[in-house]
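Notes to accompany the following structure.
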Amino acid sequence: MPVLSLRNTLNKTVYTANLIDAIKLPFRKEKELYRSFYFILGFYPHNIKYYQEALMHRSVSAKSNGGKPVNNERLEFLGDAILDAVVGEIVFHHFQRKREGFLTTARSKIVQRETLGQVAVQIGLDKLIHSNNFTHTHNSYLAGNAFEAVIGAIYLDRGYDYCMRFMQDKILGSIINIDKIAYQESNFKSKLLEWCQKNKVTMSFEQEESRSEDGSPMFRSKVMVEGMELGKGRGYSKKESQQNACKNALHRLKKGNKVYETLIQNKAINPE
């Protein structure tokens, strides 16, 4: 079936489903939450529990009837994987003449936490998140993580096609300019250097040159922070490989506190 025909069929299905769900709305217990999600997503949830869990940060310490912790971390994990697939498919079709490296970078710019956090705020998702006051104020990735969890909720509730429709129509169709963000220069090296200066730790690079399969020069870089390898990267220039190494290093720093704690310990062992 042609893409346009498939899209039209899905639109008709969504319209019919929304009409039926709107009729049911007055009889639902969580009317306001259903209505809020309709304005954010463009459709009514079927199983609202997925979305409630997607908005539950672990700082709230909520538990199920069986005593198990209830938070959005598992849905965030699922949503992260689905989002990579959905956005990967979108950039693949949008940039038909671009190589794999460009497509990977374009996707990473769209799905990075900062971008998703800004999107979550713009669509009003941040106002629905349940967390303690300190976490809400100090965790800059709270909204972006919740956005990923909601993608996981959509996938479980409605399937892949609805995730695609939401990203195409509600996000990339109106909030994110896919061409602008794809060609936007991201200086990961400057960001990491700024982080190192702020935390008073040293940063250096280890470099090597090799050849790719087609014989083109290929550069590989390691970024070292306090003597610890924090990220690797490769590219067709020294600059590109260092940028990719710094991007991976920043990703590690954002994932958890253990890396940061190790760096601080190294700093204490080897003071200037």
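Values in this text are rule-based calculations from the coordinates and carry no lab data. Please read all numbers here as calculations on a predicted model, not as lab measurements.
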*asked:* For Lys31, give me every one of the lysines with a C-alpha distance below 17 angstrom, ignoring sequence neighbours fewer than eight places off in its own chain.
replied: Lys49, Lys127
*So which aspartates and glutamates can Lys198 reach, going by Cα to Cα under 14 Å and dropping same-chain residues fewer than 8 places off?*
Glu226
_I need two numbers for segment 155-207: Rg to one decimal and Dmax as a whole number, Cα atoms only, in Å._
18.7, 48
*Long-range amide H contacts for Gly231: which residues qualify at under 5 Å (H placed 1.01 Å from N, peptide plane, sequence gap of 5 or more or a different chain)?*
Val223
*Return the inverse of the average 1/r over all pairs of distinct C-alpha atoms in segment 177-240, which is the Kirkwood hydrodynamic radius, in Å to one decimal.*
13.5 Å
